[in-house]
Each structure stands twice: as C-alpha cells, then as structure tokens.
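Just below is one structure, and these are the notes that go with it.
Please treat every number below as a calculation from the coordinates, not as lab data. Being a predicted model, the structure only gives us computed values, none of them experimental. All Cβ positions, even for glycine, are placed from backbone atoms using ideal geometry, and neighbour counts span all protein chains on display.
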C-alpha cells in the first residue's frame, strides 16, 4: 500500500535504534545498517523545518538481562546502557529538540517496541504522543524485522502509520524475515513511502 493523499495532521518521526551496535562493526550489526543514516537525515531535515516532533528510540539494556544469550535470550550482548555501542550512530543528525526515549531497560523483557520506551521523566511513548496531539507516525530505523516491526504493529489502531521503506534495514536471521515483516505491517494497515514520495507531499 503506497502513501495516499491525506488531510493535514500533526506528524511525528520515529527513528528506531540507529545505534552503533546495530551498524557495521557493532556487536549485533545489521547488514548495511548504516545505509539508513543518510536517508533518515533527509527526513529529519524536513521534519525539523516544519517543526514536527522527532523521537529517537534507543536500546538501553542493563548488563544482565534475559534479552542476552548469556542469560537465556536470543541475542549477543549489545547496547548496554552508557556504552559506546549504545550511542547513536555518529552521522545521525538528530536536532537538539529530538526527544530521546530508552527501551529494553527491564531485565525481564526484550523491549522491542518503542511503546515500551520512556523518556528521562519516565513518560512512555504513547503518553508523549498523545500530549503533543500526534495523528501520524513516520517510522524508520533498525531493525525491520524486530523493533521497527513491533513498534509499527503496536502503533496501528492508535495512529496513521507510514513506514519509511528506504529508511529501514533488517537483521534477517532467515533470509526473508524483512520481507515478511513488511508484508505483516502492511496487512495490519501500515502505509509505505519513500523519501521522494514524502518530499513531493511535504515540501
């Protein structure tokens, strides 16, 4: 489903987990994960010019969590709070006004969805979005088949959701995981856009 014309609504950009550990040479590198950075920077530029909110999520795991293989989870250690691996990719041009929210904090949960994340004041994403009167979410980042998917699926039914097809990359533990994830998100009601399509409607 491609993005259709819509009436004006307050938009927010959700950038999911564009962190060092998910990019090449990181502890849990997504193939070509850093390729999303220049694309997302173009979206950031337009959202900033229009004074639309930008929200960046980050995995912010404790050193001991059921999310990690060592403690029974699926994944190698990554994005441990206050480490370089948990930092945002250095080329990601987040403006000072960007809202940073952290997830994966609970050692008993995987914390894939951004809706499990909180800001420094402890407010969760849904509370933040409702407070700002957001109606449309534009979602990109890492990884397509996990945190992007879970964030998108949880947003559906609450917001109009647009997936940034050129601003996502997947882990692909199985070769078709990202393709299947996108199909699942679209089947659930997500729309898809690319930067060129987005720019035509918003510049």
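In table form, for the structure just shown:
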item: With Cα atoms, 0 to 90° folded angle of helix 177-187 axis to the chain main axis; result: 40 degrees
item: Calculated FRET value between residue 131 and residue 50, using beta carbons and R₀ = 22 Å, to 0.05; result: 0.70
item: Residue exposure sequence - 177, 17 - by fewest surrounding Cβ within 10 Å; result: 177, 17
item: Ranking of 67, 61, 78 by count of other Cβ atoms within 10 Å, fewest first; result: 78, 67, 61
item: Packing-based exposure ordering (other Cβ within 10 Å, fewest first) of 58, 201, 180; result: 201, 180, 58
item: Label point distance in nm, residue 123-residue 158, each placed 7 Å from Cα along Cα→Cβ; result: 1.4 nm
item: Inter-centroid distance (Cα atoms) of region 140-163 relative to region 25-90, Å; result: 15 Å
item: Cα long-axis angle, helix 36-49 against the chain (0 to 90 degrees, to the nearest 10); result: 50 degrees
item: Cα-projected label distance for residue 66 with residue 105, points at 7 Å along beta-carbon direction, nm; result: 1.9 nm
item: Nitroxide proxy distance, nm - points 7 Å out along Cα→Cβ at residue 91 and residue 174; result: 3.2 nm
